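Comments concern the structure below.
The values are calculated or read from the model by the stated rules, or taken from the named source; none is laboratory data. Nothing here was measured: the structure is a model prediction, and the numbers come from that model. FYI the Cβ positions are ideal-geometry reconstructions off the backbone, even for glycines, and counts take in every protein chain you see. To get the accessible areas, we keep the full protein, side chains included, count just its heavy atoms, and leave off ligands, DNA and RNA. Shrake-Rupley method; radii C 1.70, N 1.55, O 1.52, S 1.80 Å.
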Amino acid sequence: VQLQASGGGLVQAGGSLRLSCAASGRTFSNNAVGWFRQAPGKEREFVASISWNGARTSYLDSVKGRFTISRDRAKNTVYLQMSSLKPEDTAVYYCAASRTSYSGADYSQYLYWGQGTEVTVSS
């Protein structure tokens, strides 16, 4: 499966962006999907994940209440709605599909990765 992340850009602090992760090649409707991010000079970190049917979600503590992950199985797309953005949210955001129906922050569970989309939040 190939993943294409999009929706990044430059936004002022307090603003919003919606990232999309579209799958091609085959469906990922039976797989958990996660969003990760990597800021300059830092390690990649887990941001959010959603189970195959959308019933379970998990978030990095610092984004809880500000970010919402969702999926449209018919469109084979997962979204990350980001609100109240902060400069520390600046990073390249990656989506990834897991080998299982639900995966949290366990990096090793994610087999397929998109190319990343850059988010820059100005203060």
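Things to note:
- Amide H contacts of residue 47: 35, 36, 37, each under 5 Å away and 5 or more positions distant or on a separate chain (H built 1.01 Å from N in the peptide plane; Pro and chain starts excluded).
- Take every Cα pair under 8 Å whose residues are at least 6 apart in sequence, average their separation, divide by the length of the chain, and the relative contact order is 37 percent.
- Cα-based Rg and Dmax for the chain, where Dmax is the largest Cα-Cα distance (Å): 13.2, 40
- Calculation over all alpha carbon pairs of segment 64-123 in 10 angstrom steps from 0 returns a P(r) of 18, 48, 30, 4 percent.
- Computed lengthening from residue 29 to residue 120, 0.36 nm per intervening residue step minus Cα-Cα distance: 29.8 nm
- Accessible area in square angstrom per residue, the chain, 1.4 angstrom probe: 49
- In a reduced charge model with +1 at each Lys and Arg Cβ and -1 at each Asp and Glu Cβ, the chain shows a dipole moment near 340 debye about its Cα centre.
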